[in-house]
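J.: Quick one: structure below, then a few questions.
The values are calculated or read from the model by the stated rules, or taken from the named source; none is laboratory data. Remember, it's a predicted structure, so these values are computed and weren't measured experimentally. So basically every Cβ, Gly included, is an ideal-geometry build from the backbone, and we count neighbours across all protein chains shown. Just so you know, the surface numbers come from the protein's heavy atoms only, side chains and all, with ligands and any DNA or RNA stripped out. Shrake-Rupley method; radii C 1.70, N 1.55, O 1.52, S 1.80 Å.
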Amino acid sequence: MSVYRKESAAAPSYSNSSTLIAQNKALGSVMYMLGMRDFIRDPMDVTSILYISNLTLEDETPPAPNYLLQSFLRRLWLYHPDSRNPSCSSMPEKSWPGTCPPTVDEGLGEELRSAVNPLDLVTGAYMSSNSLLRQEITNHMVQCNFAVPLLLPAVWPDVSGTLLLWPFRGVMGMQRSTSANPRDFQMKNMACSRMPLISCVRLGSCGISKSRVLNRVLSGPRKNCEFFVHRDMDGGQLPRSISEGMVEVGWNLPLGDPNGDTFSRPILLANLRGDAAACHRPLSLVSRGSGVLVVFFEMLGEKELAALIYWRSLACHMILVDCSRGHENASDRERLAKFLRKAVKELELEEEMVVSGCRGDEEELAVHLIEALDHLIPHLHAVNLVDLAGIGLDLSYNVDEDEICRKAYDEAEGVLKGMEDDPVQFKEEQLPLQGAQWKRLAKIEKEQCRNQEGEGFNQRHLKEEEEYIRQQMRKHTVTPAMKGFIDALTTINSLKRAYFLSWMKTRLGAVQWDQLSQSVDPLLDQQPLVELEGCPSSHSFLGLEHFFREMGVMYEMCYHSACKDSYITRLPNLAAELLMHGVPLEIYDGDASCVPINWVNNVLIHLQKKLSLNLRLKVITAFGLHNSKNADILTTLFGASFLKGSYRHAKGAFMLLVIIPEMQRWMMECDLLLLINMEGLSYPEMEEGKESLAHDHELATFVTGLSDVLLLNLKAENQADVKDTRQIAVSALLRTKEMEKMPVCQLMSQCEGADTKTLSLHMSRVIQILSMERTGEDLDSVQLPTENSNPCIMGPWNDRIVYLPLNPECSKAALELKNNLFSTIQKCAMKNQPTRLPQFMESIYQLWEAIKHETFPIPFNNTEVADTFSGVCNKLLDGEQNLESHMQDWLGGVDHRISDLKKNRRNSEAILKALEDETTKEIKSEGRKMQVILENHFNRSDINFKLVDAYKPNFLSFVNMYQTQKTGQLNKTLESATDVYDLSAKVKALQTAIEAALEVKLRALLADSRVNDASFLDSKLEEEFASVWDQIPTNLEQKPVEVQDIVDNVKKQLRNNLRIRVLQKYIDKLEYVGKTGVSEVFEVRNDHFGFKSKVKRTLQNDKKEAPKFANRMVEACDRSILENVKRKDNYKDSYTTAILEIVDKGLSTKDFNVNSQFEIDLKVYVCNKAALAFLEMQNRLIRQMNSKEKFLHDNKKKYMLDFMYQFRKRDQCQTASHTFINLCLKPAAHNYIQSSLGAAILEDILQKDDARRFISPREFHYNILRDLITEDNFERFLEYLQSGETFSRKSIQAILTGYFSGTVVVDDRRKQRMEEISDKMLKAVNEVTNDTSGGQGNIREMLLAVCDNLTNSGGVNVPQDTLEGPLFDINTHRDIFVANLRDSLNEINQELSQDLRRTDKAVDVSPDLPDELLEALFDKVKGCGRECPFCKAPCDMGDKDHTLHSSLWHRPKGLLSYHCSDSANLSHSTCSQEVSGKNQFLNKDTGDKPVPYKDNHTIYPDWYIPEREGSSTYWKYILMKYNQKFAQAYQRDPADIPMEWERIQQADALESLRKTFHS
């Protein structure tokens, strides 16, 4: 162990007078604001934490700046991440006298409410503390991953500045390399271990935060930790007043994790606060001591360059960090680049030593800075803070390790001289009394007490052995180490003594860690130490507690000696004085398993002399295994200074005194807390066996029996821990239960693993069962644990430095645990008479006697009883889990059950009553199963229930209690569920009414928009919405609730009652009315029984009757409260008056004695329950009353926006659907109808009576000729003869015209086709709906799907070009659009129906339809279409596939204007006559050459003209009748008609026609 150089140099002053004056003003202002002035004169010490930690039980914001120091320390001890937060709830108008310096006043305001910069707060805390407290603060700050002040600036009264070395002496951390060797780890001391020092400074002003960059550097790849305070933290933007020029330091230790370690070597990182150019002395210090100086800058000029050159001469290495964000001005950029190049050249820096180009990105800066440091760190020289202290002395800095500290160091070194060479030998030679002889002496004492009646017991032999051992031990003189130790403690200088003890702890801890580092990594895999070779055992381990233990054994030997050595007899007074100063006292030697009873007794006697005789005390014990960190837990909760931080401690129980602050004493009815820390329990020693097991049980039983409150600290890292904790704790509790010294137990854990949770739940049941009376009837005294009743504190107390942000839940859980403990102490004080030191001393004596004589029914080496008891608890827990699971399943159907009951028209009260009855029935059924399981378990013959059977009533009664409390919990759940269901049903009805009304309005507006093509502005839509919203019906109407201050009203009624009862002096008790979290059971306390009970000797009876009476009163008041709550009416004062009358009437008839305090507490209790119940009733009524208004108020805007959105969306959908129908489906529908109409008409025409004419071309020709002769119209004949095809078409056209004007078949057919197309379109739309299940959809995609369905399954071709427009490229709700589409389909169907109902004479058909029918009919009757080349008679062959044409009748050629070759008379000869004659013909077909008629086949080979005589009778008649008219028409002379033709009649012609065509 090294210390800094003692030589002192002259202290030249670097600060000018003006700077000192300004700093002194700043300090004075901050001192006044933070309330530091008293602490500057009389600094806080370690015992101050015991007071500050217990000032409050809440993590509340400091009310004013003068509370910030206390808040900082209290939060720091709780490991709160916001410990450095300088915010307070209010800022006084004037926080300091006189004029405030501008640097302090700037930035203060109501928004931030930050009194000072966090660095000023930390600096103020260090300036207000002595060195010993600074060391504790530093330890906690390092554990919180906070940077620690290394150099305090030069402010009054320290004009030179102080370098802090002592605070770092106690900071230890673990470093482990990446090698696979588990032994390759080292413990580092922050003050003495050598490692590279990296110092970071700022040159000028910077836009980025240097501290944030450094936080990222130290955190590395892990989550960012707030090591250094920066501007983004609360108060970080305020100017620094007393911390300007301060140097902070943090460290980074590699843990052997290549992916997690930032650097390969441990480093110290120093951060200079302020502009380095203005902090010459601090800069000189960090430059000379650092391996590398990191300079952050934003601008460079000649002045800055000169400063860098000077600093470079002081530092070994330098890194420049360019923090500029990129100048907008090109000249500025060029100037910076120029000076940067010049700086690199002048400073002779490598390229890697310049971090630039990041443009102010802090994350990128950190990454590049780490890379630059990685390049240097392997080559940097290592220093320690002790070396830095020497440099500080050269620069005229003060070092906090003054002459007193150095003398204490020398004394500690003198005491421990020779220890490092061989700790085991040192312990045996210098601390000889606590060795094997002391342990054997303790064992003999127990054997003498326990084996007095056993066989083979030799009392005389044991007595002789005992005397012999004492004689041998008395021969030991005070060793040099113990003499030096005692002499150092007896100094009158308490500061020197504290330094001495701290040096001892530091030196002993270093040796212990050296031993451990030579054995194995203690945190590797969490394996049991018994398996680790070379691990230090209890024989080789040496701690400060062993020196105090030696003092106790020395006194024990002196006490039993006839010769009293005054040097030793003064030791109890010394130990008592140490207790007063926060030093723990060992009251149980766990290694020897004994209590040095005379030593402990005399220490407590001297302690009592130093304290007031009437001080009340309570004992809190931290109970846990060796790895439970009990010392850290007690330190966190109470600020205690138990030995902590080492790898292991001496096995035993240690006591520490805490004086409770005045403000807490009245509430807790307690003045002192005696904290007992149990260490080393179930430590895996190298030698194990029944004796070690018995020693663990003896220690556990002793501390449990001493305790008022037992803090069971559960930390189960494996199943072995679970087993050990359960066996030892359960056995200890069972023993103390038999002695009627059962403490109140509070559970806590340090992890959330499955083993810990199981153990926590198990121990909860053990405690609950043991807390009941043996009869099992004390059901109300035990409560089921709530979810947060067993806090989990996962603190950072470990020896390995882990760079992770603090978990805020740690401090929250610690405060919660502390509240639970203090509340438990308060309850203990109310139930029992106060304990004072004499009673505590008597308890120690009684317990030690009971342990020595082993008067407990459960032997110390017996674990069977604990296992049996735990087995029953496990059965109980299994039953609870089954019940819980069953009831959760049952609760899952509550909403459905409520709905079913609602259908039966039951009201809410009836429904709730039915559900509660069902719940009770279900829970009782499951409870009976639990009891049966327990009964069967107790009846097992393979388990010995001899000692556990006495608790059988407790277990069975616990089931009843569990049923009752579970029923109450579920009834509240059911009540809440019923209320929620009622409200939700009413709100749902209201919501349905709103939606229905708005839907009606929407449809009306959409119809208006569609019919009138109207458009609506948003303002118009808002008006329409408002017209509906104001008229919305509701079923939530009820009379208004008068909001009252119910708690105040209840207090008034209670105050009046107390005034009438003349009990005004207890009026302050009214403050408990309206408080939540009060016990569900009224507790009768000792102070409820006064003088009358003692005089009349009825105290025992009164204590028995009073709880019964109180329970009856509470039950009667509960019934009255419940009746009033069920009325669901406004609160009335008569409700409170009624319950007070119940209590008064009961008190008037009581037959036992209690004092007025009983009456007051009982009335306050019932009034508190009433106030909370009536308040909840009022709140429920208010919720119901406001449900409509709140719903309408909260949702009006939402509904309005949705209304407008729905209108716009649906209107757009409506437009799209209407357009699609009109431009796509409507044309397709018309086309579908018209396309089949022609075929229908043709079919109908062919089915008419005169349809025979269309059977064949011949028949059609026959009908034409018949009609012509019948009509007797020359013009018609002439038209036919000139063009038979034209005449035929006209004939067919006439038939069609007559058909269209006289038939209804067209209408029928159109109606049928319309119905078909309507069904097809509707089916296509429905198929699209079925293919998609609601939700959003694209309109174009849906319409294309409709078109595809019509085409594929309906055979309807729909034009789709229109769908490419933007109108259809929108997304909407499918159901809404499909509804619009259906509406549009209905409209088109109505339009088509209206077309059918038209009454025009001519059927409105397509203009093309007649032509289509004409072509169809003509095609049917035209035959082959060929005519005779001479007379133009049509071919009458019938079918169209013939190759030779022929006509039945050839006509006289004169009918076609042919005349005789020798005259102008029309010719009456026919083609047949010409073929049989010798005449010739010529035309274009013959090339204008004559060809004989008989050779016509040479010209017309496809025509056959038979040779026959004359013309047919038909044509003879026609030529004869119209001879003159034909001649006139053709401008020829009439034909020479043979005489016999003139005798032909019409009938002859018709007969000839018939025979020719139908024969």
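J.: Filter the stretch 552-576 for residues that are closer than 22 Å to Lys439 by Cα and open to solvent by 60 Å² or more (accessible area, probe 1.4 Å); which is modelled with the highest pLDDT?
T.: For the stretch 552-576, the residue satisfying everything is Tyr559.
J.: Separate question: Please enumerate the residues belonging to the stretch 741-799 that are at pLDDT below 75, among the aliphatic types (A, V, I, L, M) and over 22 Å from Asp949 (Cα atoms).
T.: Leu784
J.: Of the numbered conditions (1) assigned to a helix (DSSP H, G or I); (2) at pLDDT below 75; (3) in contact with an Asp or Glu (Cβ under 9 Å, 6 or more places away or on another chain), Phe1418 fails exactly one; give the number of that condition.
T.: Unmet condition: (2).
J.: Let me ask something else. I'd like to verify a number: residues in the stretch 1531-1553 that are closer than 17 Å to Asn1465 by Cβ, open to solvent by 40 Å² or more (accessible area, probe 1.4 Å) and either free of Cβ contacts under 8 Å to residues at least 12 places away in the same chain or part of a helix (DSSP H, G or I) (or both), how many?
T.: 3
J.: Determine, yes or no, whether Asn1130 is under 41 Å from the mean Cα position of the chain (by Cα) and more than 19 Å from Gly968 (Cβ to Cβ).
T.: Yes: the conditions hold for Asn1130.
J.: Select the helices (runs of 4 or more DSSP H) contained entirely in the stretch 398-513, then report the ones holding at least 3 residues which are touching a residue at least 12 places away in the same chain (Cβ under 8 Å) and more than 58 Å from the chain's Cα centre (by Cα).
T.: The qualifying helices (runs of 4 or more DSSP H) are 436-450, 459-474, 480-489.
J.: Test each condition in (1) under 43 Å from the mean Cα position of the chain (by Cα); (2) open to solvent by 50 Å² or more (accessible area, probe 1.4 Å) for Asn944 and report the one that comes out false.
T.: Exception for Asn944: condition (1).
J.: Could you please let me know if His1450 is farther than 28 Å from Ile1255 by Cα and either in a loop (DSSP other than H, G, I, E, B) or β-branched (Val, Ile, Thr) (or both)?
T.: Spelling it out, it is not the case that His1450 is farther than 28 Å from Ile1255 by Cα and either in a loop (DSSP other than H, G, I, E, B) or β-branched (Val, Ile, Thr) (or both).
J.: So, one more: What do you reckon, is Leu934 in contact (Cβ under 8 Å) with a residue 40 or more places away in the chain and farther than 19 Å from Leu876 by Cα?
T.: no
J.: Which of the residues that make up the stretch 886-930 are among the aliphatic types (A, V, I, L, M) and surrounded by fewer than 13 Cβ atoms within 10 Å (Cβ to Cβ)?
T.: Ala910
J.: In addition: Scan the stretch 230-254 and report the pairs whose first residue is over 20 Å from Ala154 (Cα atoms) and touching a residue at least 12 places away in the same chain (Cβ under 8 Å) and whose second residue is open to solvent by 10 Å² or more (accessible area, probe 1.4 Å) and aliphatic (A, V, I, L, M), with Cβ atoms within less than 6 Å and a gap of 6+ or a chain change.
T.: As it stands, the answer is Leu253/Ile801, since those pairs meet every condition given.
Conditions (1) crowded, with 24+ Cβ neighbours inside 10 Å; (2) over 40 Å from the mean Cα position of the chain (by Cα), marked per residue:
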residue: Ile587; (1), (2): yes, yes
residue: Asp591; (1), (2): no, yes
residue: Ile597; (1), (2): no, yes
residue: Asn601; (1), (2): no, yes
residue: His606; (1), (2): no, yes
residue: Lys610; (1), (2): no, yes
residue: His626; (1), (2): no, no
residue: Leu634; (1), (2): yes, no
residue: Lys644; (1), (2): no, no
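J.: Scanning for something closer than 27 Å to Tyr1262 by Cβ, small (Gly, Ala, Ser) and either open to solvent by 60 Å² or more (accessible area, probe 1.4 Å) or touching a His at 6+ places or on another chain (Cβ under 6 Å) (or both), does the stretch 1441-1464 turn up at least one residue?
T.: Scanning the stretch 1441-1464, I find at least one residue that is closer than 27 Å to Tyr1262 by Cβ, small (Gly, Ala, Ser) and either open to solvent by 60 Å² or more (accessible area, probe 1.4 Å) or touching a His at 6+ places or on another chain (Cβ under 6 Å) (or both), so the answer is yes.
J.: Need the failing condition index for Val1062 against (1) open to solvent by 40 Å² or more (accessible area, probe 1.4 Å); (2) β-branched (Val, Ile, Thr); (3) within 39 Å of the chain's Cα centre (by Cα), just the number.
T.: (3)
J.: Right, something else. Considering Gly207, Gly235, which residue is open to solvent by 10 Å² or more (accessible area, probe 1.4 Å), part of a loop (DSSP other than H, G, I, E, B) and either at pLDDT below 90 or of a type in the set (Asp, Glu) (or both)?
T.: Only one candidate qualifies: Gly207.
J.: Let me ask something else. Check whether at least one residue in the stretch 604-620 is small (Gly, Ala, Ser) and modelled with pLDDT of 90 or more, and report yes or no.
T.: No: the stretch 604-620 contains no residue that is small (Gly, Ala, Ser) and modelled with pLDDT of 90 or more.
J.: Just one of the numbered conditions (1) surrounded by 15 or more Cβ atoms within 10 Å (Cβ to Cβ); (2) more than 28 Å from Arg169 (Cα to Cα) is not true of Leu388; which one?
T.: Failed condition: (2).
Yes/no matrix, rows are residues, columns are (1) within 22 Å of Phe840 (Cα to Cα); (2) part of a loop (DSSP other than H, G, I, E, B):
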site	(1), (2)
Tyr588	yes, no
Asn614	yes, yes
Ile620	yes, no
Asn627	no, yes
Ile633	no, no
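J.: Of all residues in the stretch 333-366, which are free of Cβ contacts under 8 Å to residues at least 12 places away in the same chain, open to solvent by less than 80 Å² (accessible area, probe 1.4 Å) and under 23 Å from Arg216 (Cα atoms)?
T.: Asp361, Glu364
J.: For the stretch 152-186, which positions are at pLDDT 80 or above and under 41 Å from the mean Cα position of the chain (by Cα)?
T.: The answer is Pro167, Phe168, Gly170, Val171, Met172, Gly173, Met174, Gln175.
J.: Right, another one. Looking only at residues that are in a loop (DSSP other than H, G, I, E, B) and crowded, with 19+ Cβ neighbours inside 10 Å in the stretch 193-203, which one is modelled with the lowest pLDDT?
T.: Ser193
J.: Specify which of the listed residues (Glu1275, Glu1243) is of a type in the set (Asp, Glu), over 60 Å from the mean Cα position of the chain (by Cα) and modelled with pLDDT of 80 or more.
T.: Selected residue: Glu1275, the only one of Glu1275, Glu1243 that is of a type in the set (Asp, Glu), over 60 Å from the mean Cα position of the chain (by Cα) and modelled with pLDDT of 80 or more.
J.: Look at the stretch 406-434 and say how many of its residues are of a type outside the set (Lys, Arg) and surrounded by fewer than 17 Cβ atoms within 10 Å (Cβ to Cβ).
T.: 11
J.: Looking only at the stretch 24-83, count every residue that is touching a Phe, Trp or Tyr at 6+ places or on another chain (Cβ under 7 Å) and either among the hydroxyl-bearing types (Ser, Thr, Tyr) or assigned to a loop (DSSP other than H, G, I, E, B) (or both) and tell me the total.
T.: Residues meeting the conditions: 6.
J.: Please give the number of the condition Lys1163 fails out of (1) out of contact with any Lys or Arg (no Cβ under 7 Å at 6 or more places or on another chain); (2) under 18 Å from Val1062 (Cα atoms); (3) open to solvent by 10 Å² or more (accessible area, probe 1.4 Å).
T.: Of (1) out of contact with any Lys or Arg (no Cβ under 7 Å at 6 or more places or on another chain); (2) under 18 Å from Val1062 (Cα atoms); (3) open to solvent by 10 Å² or more (accessible area, probe 1.4 Å), only one is false for Lys1163: (3).
J.: Here's a follow-up. Looking at (1) modelled with pLDDT of 75 or more; (2) open to solvent by 50 Å² or more (accessible area, probe 1.4 Å); (3) part of a helix (DSSP H, G or I), can you tell me which one Lys1190 breaks?
T.: Here Lys1190 meets the rest and fails (1).
J.: Mind listing just one residue for me: the one in the stretch 717-762 that is assigned to a helix (DSSP H, G or I) and without any contact (Cβ under 8 Å) to a residue 12 or more places away in the chain and, of those, surrounded by the fewest Cβ atoms within 10 Å (Cβ to Cβ)?
T.: Checked the stretch 717-762; the qualifying residue surrounded by the fewest Cβ atoms within 10 Å (Cβ to Cβ) is Ala754.
J.: For the subset of the stretch 238-253 comprising residues that are out of contact with any Phe, Trp or Tyr (no Cβ under 9 Å at 6 or more places or on another chain) and outside any loop (DSSP other than H, G, I, E, B), which member is nearest to Ala276 (Cα to Cα)?
T.: Only one residue fits best here, namely Val247.
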